[in-house]
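Below you'll find the structure, written out as structure tokens, and then a few comments.
The values are calculated or read from the model by the stated rules, or taken from the named source; none is laboratory data. Keep in mind that this is a model prediction, so the values were computed, not measured. As a convention, Cβ positions derive from the backbone with ideal geometry for all residues, glycine included, and neighbour counts pool all protein chains shown. When the accessible area is computed, the model is the full protein with side chains, heavy atoms only, and any ligands, DNA or RNA have been set aside. Shrake-Rupley method; radii C 1.70, N 1.55, O 1.52, S 1.80 Å.
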Amino acid sequence: MTNDRKYKFSWELLGDIAAGRPNLGNKTSLEVYRLLLFTFRDVLETHVGTEMTDKIFHEAGYLSGKEFYANKLTPTKDLGDFVRELQQVLKDMGIGILRLEQADVETGEFVLTISEDLDCSGLPELDHEICVYDEGFIAALLESFSGIKFKVKEIDCWCTGDRTCRFSAKAVKAEA
Amino acid sequence: MSKMLKEPLASVDGVLKSLKNLLDARAILADPPVEFLDMDGFVHIYESLLEIRNAIMATSVGDLNYPIRKKGYIAGTIKGLQASLRHLTWQTKAIASGDFTQRVDFMGEFSEAFNTMVKQLDDSMTKLNMREQELIKIAHTDPLTGINNRGYFMELLTTEFERARRYGHTFSVMMTDLDNFKSVNDTRGHGAGDEALRTMARVVQMSGLRANDFWGRIGGEEFAIVLPETVIADAVAVAERIRITLSETPVRYENEEFFITVSIGVSQNRTGDVQATLLSRADEAMYQAKRTGRNRVCQSD
């Protein structure tokens, strides 16, 4: 990758919303967010195929999670503090309602659910999970918190008929 | 009615009965009835309802990990309930380990009750901890002078012995005894004697002891002072300062003033010492100070 990238992300690129939208403010319709997301996904798939589209969305989610942790959360080593603040921020920003179902810090195994999820709650039923962006986002949050890489897999999704999105996260063990 | 029409009706009746059975039967149910295995879609519905039935049963008796593989509205709703209850379990464990900041906001009326309980638990634990600290302080403190009592002083001395032994450090001990204390009690009353003891405590407190130095009232009119990392010559200088300050400090009791003095013995730890031998040498030096005229400092050989 060369240094002359046009779209390299930085938090500042999100802009000064208060200055830029004095009347409309920091709110928009969720339909618009999903319109953006799903049209991106559609066009990407036609260009690079399904597998690569999922990979791109996963990577974008991961980048988003890294930036989100750095800019919106307080660094901590305490799992309780981390979960509590994350729950609050996700709720305040209308991203979703987080619940931690299982947390084994020793083995690095977590199960968590996001209800009323920004990406998929209320979508029509499909025959596959679609929250690959969320998988990357959660993997980056857990990695930023713990310093350990995580593999995150969506195991239940609104789009497969479930009423919540459930994710399993496992620490990626370093090769011996 | 023709035979051809009766047979499908019999099948529908049987299907309805077996599905009703899934809703109502108390018996443990397993596989779908064999006579309907070939019926299009029946097995899927039967197995879905059976798994939902089993999942609800498991959840109702507290098994929050029952695996629900089926998809769909009811299965998804139960998964949502599982998620909430498992999150509550995690929160409760966090509370059990002392995190009283946990709050619930997704379980309606239960959330309010839960949050009230955690807050009350937090308040109770705070009060209990404060009370425990008060009791520890009471257990360690001499009520008359407010300084360490004999028991706690000896605990601190044991720790200092271990520390000095581990690191090969030197420390010194002073044994002090107020002069003619019995006479103060006899002539001025026990209230005056108590005030004399409190004056001695204040003088030691104001004598510039360091943060690591410690002391206590170990007998009627006896105080012991330990100076870590201090050789005997320096300890004698501190003892002299205390002796002189006390002799110049009036004891005020019932609108009268009088003066008291103290005899002090100083010793330094030696290889092979235990608490008793070290204190005994300091005691012996203190008695030497008494024997040689009181209001003076002597050190052990």
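Here are a few things to note about the model shown:
- Interface of B with A. Using a 1.4 Å probe and counting protein heavy atoms only, the two chains hide about 1700 Å² of accessible surface, both sides summed.
- Residue A:7/residue A:48 FRET efficiency (R0 22 Å; Cβ-Cβ; nearest 0.05): 0.85
- When Rg and the Kirkwood radius Rh are both evaluated on Cα atoms of region B:1-157, their ratio Rg/Rh stands at 1.40.
- Residue B:60 contributes about 90 Å² of solvent-accessible surface, heavy atoms of the protein only, 1.4 Å probe.
- For chain B, the membrane-span-like helices by this rule, meaning whole DSSP H stretches whose C-alpha atoms cover at least 18 Å of axis and whose Kyte-Doolittle mean is -0.5 or above, are B:3-24, B:42-60, B:73-96, B:190-205, B:232-248; this says nothing about an actual membrane.
- Per-residue ellipticity at 222 nm from helix content only, as computed over chain A with -39500 (n - 2.57) for each DSSP H run of at least four residues, stands at -14000 deg cm²/dmol.
- Inter-probe distance in nm under a simple model that places probes 7 Å from Cα toward Cβ, at residue B:154 and residue B:183: 3.2
- Here the accessible area is traced with a 1.4 Å probe on the protein chains. For the protein assembly as shown, carbon and sulfur cover 56 percent of it.
- Other-chain or far-sequence residues with amide H under 5 Å of residue B:141's (modelled H): B:149
- Nonlocal amide H pairs with residue A:164, under 5 Å, H built at 1.01 Å: A:158
- Springs between Cα atoms under 10 Å define the GNM used for chain B, and in it the highest mean-square fluctuation of B:116, B:145, B:176 occurs at B:116.
- Whole-number accessible area per residue in Å² for region A:121-174, which is evaluated in the context of all protein chains at 1.4 Å: 42
- Average accessible surface area per residue within chain B, 1.4 Å rolling probe, Å²: 58
- Estimated FRET transfer efficiency when R0 is 60 angstrom, pair residue B:169-residue A:39 (beta carbons, to 0.05): 0.20
- Net charge dipole, chain B: roughly 400 debye, given to the nearest 20, about the Cα centre with Cβ charges of +1 for Lys and Arg and -1 for Asp and Glu.
- Quotient of Cα Rg and 2.2 N^0.38 Å for chain A, N being how many residues it contains: 1.07
- Subtracting the Cα-Cα distance of residue A:63 and residue A:24 from their residue separation scaled by 0.36 nm leaves 11.3 nm.
- Shape call, chain B: gyration tensor on alpha carbons, a/c limit 1.5: prolate
- Geometric extent, Cα atoms of the protein assembly as shown - Rg, Dmax (angstrom): 38.6, 133
- Selected from B:210, B:281, B:165 as most flexible by GNM, with chain B as the system and alpha-carbon contacts under 10 Å: B:210
- Among the DSSP helices (H) of chain A, those spanning at least 20 angstrom by Cα along their long axis with an average Kyte-Doolittle hydropathy of -0.5 or more are A:30-48, A:132-146; this is a geometric and hydropathy rule only.
- Take residue B:57: with every protein chain present and a 1.4 Å probe, its accessible area is about 110 Å².
- The calculated 222 nm mean residue ellipticity attributable to helices in chain B amounts to -19500 deg cm²/dmol, summing -39500 (n - 2.57) over DSSP H runs of n ≥ 4 and dividing by all residues.
- Residues along region B:46-72 losing 20 Å² or more of accessible surface when the other protein chains are present rather than the chain by itself (probe 1.4 Å): B:71, B:72
- Residues with amide H under 5 Å from that of residue A:130, placed H, sequence gap 5 or more: A:159
- Note on chain A: with a GNM built from Cα contacts shorter than 10 Å, the maximum mean-square fluctuation among A:122, A:15, A:147 falls on A:15.
- Each Lys and Arg adds +1 at its Cβ and each Asp and Glu adds -1 at its Cβ; summed about the Cα centre, the protein assembly as shown shows a dipole of about 700 debye.
- Applied to region B:224-231, the Karplus parametrisation 6.51 cos²θ - 1.76 cosθ + 1.60 on θ = phi - 60° returns per-residue 3J(HN,Hα) values of 10, 10, 10, 10, x, 6, 9, 7 Hz, with x for Gly and Pro.
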